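Here's the structure we're looking at; comments come further down.
Please treat every number below as a calculation from the coordinates, not as lab data. Nothing here was measured: the structure is a model prediction, and the numbers come from that model. FYI the Cβ positions are ideal-geometry reconstructions off the backbone, even for glycines, and counts take in every protein chain you see.
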Amino acid sequence: MMGWRMFQKMSRFQAHYNLPDIASVAVLAQKIAPHLKRGDVLQLEGDLGVGKTTFTRALIAALAGKEIEVPSPTFTLVQQYEFPAFTLYHFDLYRLKNSGELLEIGLEQALSEGVTVLEWPQLATDFLPADSLVLKLSFSSGEGRQAELHAPAAWAPLLS
Ligand SMILES: Nc1ncnc2c1ncn2[C@@H]1O[C@H](COP(=O)(O)OP(=O)(O)O)[C@@H](O)[C@H]1O
Ligand SMILES: [Mg+2]
């Protein structure tokens, strides 16, 4: 099992992005969006106000080819968006009380048939696939943000 885990680790890649402004967030979202397919999971990590909803908004705009209203799912916990190839489920688990609620809000269905984007994914980690994309956002010294993307190795050539 140890060897398998190590292989899993080694077969992932990691990239760093400097996101000095919203326009650079859109550029990163436009790189990722065309390669998303049913079953993909994107975990968005980072503190309140770091840009998780902003990134999701840019991702949805890239998929739609135009700006779409993307409210934060802080209170609804999940919002969904229909695209020709899949439904995108945008979760925000910040206000989730326990992992038992994940079924009620449709996580299982999202994982099996959609593209799943999660803010505050920590409560759901046990249920999320090991080949999730994980985008870790952090604050920079100035206005902008830093991003660290962890993804299956197959994504490396797609994002370069
Ligand atoms: N790369 C960035 N550079 C500058 N400001 C950003 C960047 N990303 C997000 N913001 C700003 O940060 C604020 C909070 O973003 P939001 O996406 O709501 O954070 P979160 O969903 O992580 O709580 C918004 O006003 C947004 O415009
Ligand atoms: Mg948010």
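Counting lysine pairs in the chain that sit 8 or more residues apart in sequence, or on different chains, and whose Cα atoms lie under 26 Å apart gives 15. Output the Kirkwood hydrodynamic radius of segment 47-100, Cα pairs only, in Å rounded to one decimal. Mean inverse Cα-Cα distance, inverted, gives 12.1 Å. Looking at segment 57-160, the trypsin sites (Lys or Arg not before Pro) that sit in a DSSP loop and have at most 13 other Cβ atoms within 10 Å of their own Cβ are Lys66, Arg95, Lys97. With the largest listed first and rounded to whole Å, the semi-axes of the equivalent ellipsoid of the chain from the Cα gyration tensor are 21, 21, 17. The chymotrypsin sites (Phe, Trp or Tyr not before Pro) of segment 42-126 that DSSP puts in a loop, and whose beta carbon has at most 16 other beta carbons within 10 Å, are Phe75, Tyr94.
Which percentage, to the nearest 5, of the DSSP beta bridges contained in segment 11-159 is antiparallel?
Numbers: 19 of 32 bridges.
Of those bridges, close to 60 percent are antiparallel.
On a full-extension model of 0.36 nm per residue, what is the gain between Ser24 and Thr76, subtracting their alpha-carbon distance, rounded to one decimal in nm? Each step should come with its number before you reach the end.
Values: separation 52, 0.36 × 52 = 18.72 nm, distance 2.81 nm.
Stretched out fully, the Ser24 to Thr76 stretch lengthens by 15.9 nm.
Around the Cα centre of segment 11-159, unit charges on the Cβ atoms of Lys, Arg, Asp and Glu (plus for the first two, minus for the last two) sum to a dipole of about 300 debye. In this structure the amide hydrogen of Arg145, modeled in the peptide plane, comes within under 5 Å of the amide hydrogens of Leu19, Asp21, Ser140, none closer than 5 places in sequence on its chain. The stretch between Ile68 and Glu101, if pulled fully straight at 0.36 nm per residue, gains 9.1 nm over its current Cα-Cα span.
By the combined test of axial Cα extent (at least 15 Å) and Kyte-Doolittle hydropathy (mean at least -0.5), the qualifying DSSP H helices of the chain come to 22-32, 52-64. Here the Gaussian network model covers the chain, with springs between Cα atoms less than 10 Å apart; of Ser138, Ser11, Ser99, Ser11 fluctuates the most.
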